[in-house]
1. Dividing the alpha-carbon Rg of the stretch 23-70 by 2.2 N^0.38 Å yields what?
2. Write down the percent of antiparallel bridges among all DSSP beta bridges whose residues are both part of the chain, to the nearest 5.
3. Could you work out the relative contact order of the chain, using alpha carbon pairs under 8 angstrom and six or more residues apart, expressed as a whole percent?
4. Just checking my list [x] 8, 32, 37, 18, 4, 0; [y] 8, 36, 39, 15, 1, 0; [z] 7, 27, 28, 20, 12, 5, 1 against P(r) over Cα pairs in 10 Å bins from 0, in percent computed from this structure; which label fits?
5. What nm distance separates the two modelled labels at residue 190 and residue 96, each placed 7 Å from Cα along Cα→Cβ?
6. Rounded to two decimal places and with Rh computed the Kirkwood way over Cα pairs, what is Rg over Rh for the stretch 51-163?
7. Based on the Cβ-Cβ distance of residue 47 and residue 144, what FRET efficiency does E = 1/(1 + (r/R0)^6) give at R0 = 35 Å, to the nearest 0.05?
8. Could you work out the relative contact order of the stretch 96-209, using alpha carbon pairs under 8 angstrom and six or more residues apart, expressed as a whole percent?
């Protein structure tokens with residue numbers, strides 16, 4: 001995700017606009033669940049996917065890397081939520097960031113969540129694999145890195161009293177890649193894919209996982 005100067009300006013405007021939106025408190029009197037991350041969060045209709053059972057604020061932003069998500073956390077007006085759900089990292093790997101640098105950025109993200117939002121509970125959703133192609137070795141390498149990053153995230157969650165939720169089994173085929181039935185472009189989820197991970201998340205939020 002290396003942008004030419006014009007695209008980078010557009011990205012900075014999008015990030016600034018999102019932060020302005022998040023500065024307005026959410027209107028729902030129920031205990032709040034804040035979901036923050038990249039396009040996989042932003043594109044999900046989480047309130048509907050979770051059956052309206054929870055007050056959910058979608059704070060996702062497409063193209064966001066882990067450090068961008070950390071910036072978004074600082075902008076959110078809603079403090080002391082019940083839960084914060086995080087999902088990001090694939091854009092870092094797609095930009096050829098190392099797993100080690102991703103883990104360092106994610107640790108800073110977890111620290112920021114605890115320091116700024118002070119939630120009762122932090123849930124980290126795993127980075128999902130992409131759909132592989134026999135002629136595209138890059139997708140195979142990305143999935144290798146996804147697996148390594150998820151291992152690092154699991155360890156980070158243990159260190160920082162967060163809960164790691166592995167979504168891989170819910171959306172993968174027998175080979176461990178993103179199933180064609182759950183994606184429209186090999187990376188992003190379709191409705192069926194969102195329904196699969198929403199079911200896992202609902203169990204976690206309800207304390208059944």
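1. On the way: Rg = 11.3 Å, N = 48, 2.2 N^0.38 = 9.6 Å.
Rg over 2.2 N^0.38 Å, computed on Cα atoms: 1.18.
2. Taking every DSSP beta bridge within the chain, about 15 percent pair in antiparallel fashion.
3. Values: 337 pairs, mean separation 37.7, N = 209.
Rounded, it is 18 percent for the chain.
4. [y]
5. 3.3 nm
6. Values: Rg = 14.8 Å, Rh = 14.8 Å.
A ratio of 0.99.
7. Details: r = 35 Å, r/R0 = 0.99.
My answer for the efficiency is 0.50.
8. Once normalised by length, the contact order is 26 percent.
Any read-out appearing in this document is the output of simple, stated calculations on the displayed coordinates, not a laboratory observation. Keep in mind it's a predicted model, so treat the numbers as computed, not measured. Methodologically, a virtual Cβ is constructed for each residue, glycine included, from the backbone with ideal geometry; neighbour enumeration extends over all protein chains shown.
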